[in-house]
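This report concerns only the one structure given below.
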Amino acid sequence: MFEERESDVAVIDIDREEEQQKNSKRKPQPRYNVVLWDDNDHTYSYVIRMLRSLFNVSHSRAYQLARAVDDHGRCICLTTSFEHAELKRDQIHSFGKDHLVAGSAGSMSSSIEPVADE
């Protein structure tokens, strides 16, 4: 007949606890970029105001991002979780038209994309 010793039980419990800890570790969420696309329907003033309002960045940082989108056709405004990226993209899309440009039909374009593996 099997006789259970306290030391055997303790080892089994430690192993079980270690296994549970390994299984309960959170896997990192994939990260996504919020991309702002350039157009000719919005002024620097609009872009800076929008970035400061939606992303809570300084005037200097908003200007840097506005220059980047103007110079390169796009810029990454934020890297975050998928849900947060969707929210920020939707906020950009609903920010409204630039009242300083007569032909401005609406908000700027934005998209989200997965961060490339490093």
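Every number in this text was worked out from the coordinates using simple rules, so none of it is lab data. Nothing here was measured: the structure is a model prediction, and the numbers come from that model. So basically every Cβ, Gly included, is an ideal-geometry build from the backbone, and we count neighbours across all protein chains shown.
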Among Ser111, Val69, Leu51, whose Cα projects farthest towards the positive end of the dipole of region 32-114, with charges put on the beta-carbon of Lys, Arg (+1) and Asp, Glu (-1)?
Leu51
What are the semi-axes of the equivalent ellipsoid of region 32-114, taken as the square roots of 5 times the eigenvalues of the Cα gyration tensor, listed largest first and rounded to whole Å?
19, 14, 12
How big is the Cα convex hull of region 67-118 in projection, averaged over all directions, in nm²?
4.5 nm²
For Ser94 and Ser53 in the same chain, what is the full-extension length gain: residue separation times 0.36 nm, less their Cα-Cα distance, in nm?
13.5 nm
